[in-house]
Amino acid sequence: MASQLVVVVDNSATNLKILARLARSLGETVAVQAFDDPAEALSACAEQRPDLVVAAGEMAPLDAAGFIQRLHDETDCAEVPVVVVAGPDDRQAVDRALGAGAADHLQSPVDHRDFRTRVRSLLALRRLEQAARSAGAPPAPPGLPRAQVRLLRVIDAVPALVCATEGDGRHIFCNHRF
């Protein structure tokens with residue numbers, strides 16, 4: 001299995017070390033790059049697109065929302081999922097980050113099992129999205145929210161017939177493989 005890249009960005013040296021260590025604990029198929037400066041992390045992401053980013057909710061000079069906005073707008077990383085880590089008192093930072101396109105959030109201090117479970121799930125979803133894209137899945141219709149686009153790509157990667165129908169039996173969706 002090909003290696004997946006996880007980028008961790010946090011201004012706090014202690015938190016950065018903990019989050020990077022947690023990401024490395026996912027196994028040999030996960031490569032980790034850690035940054036204490038959001039601008040450096042953005043530059044690295046532009047050079048080598050990560051499969052997932054873990055970012056602190058509050059950073060300087062960019063908070064997570066600003067970081068996500070720039071990551072998705074200024075680099076070739078519009079579809080890279082971002083997990084935001086923030087304390088219980090940082091709900092506004094989490095809400096802004098989710099509004100900017102974060103895929104998920106974790107509360108600090110981070111529960112190790114929760115981190116591993118969520119990050120593994122997002123990396124698996126990313127792998128399925130990439131498989132669907134390389135298999136020639138058609139592009140999603142414009143204007144769909146990012147979560148729906150990601151779901152459509154995953155469904156298209158399933159090697160089985162997946163259909164949704166209305167109550168009257170009318171098909172409203174079938175994956176492209178069939």
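The values are calculated or read from the model by the stated rules, or taken from the named source; none is laboratory data. Just so we're clear, the structure is a prediction, and the values are computed from it rather than from any experiment. Note: areas computed on protein heavy atoms with side chains; ligands, DNA, RNA excluded. Shrake-Rupley method; radii C 1.70, N 1.55, O 1.52, S 1.80 Å.
Taking all protein chains as shown and a probe of 1.4 angstrom, C174 keeps an accessible surface of around 60 Å².
Ranked from the most accessible area to the least, with a 1.4 Å probe and all protein chains present, what is the order of H112, H105? Display every interim value, and only then the final one.
Details: H112 95, H105 55 Å².
Result of the area sort, largest leading: H112, H105.
Within segment 16-68, the ratio Rg/Rh, alpha carbon atoms throughout and Rh by Kirkwood, equals 0.95. When the residues E79, E129 are ordered by accessible surface, computed with a 1.4 Å probe over the protein chains alone, the sequence from largest down reads E79, E129.
Between S25 and R91, what is 0.36 nm times their sequence separation minus the Cα-Cα distance? Round to one decimal in nm. Could the numbers behind the result be given before it?
Numbers: separation 66, 0.36 × 66 = 23.76 nm, distance 2.75 nm.
That works out to 21.0 nm of additional length.
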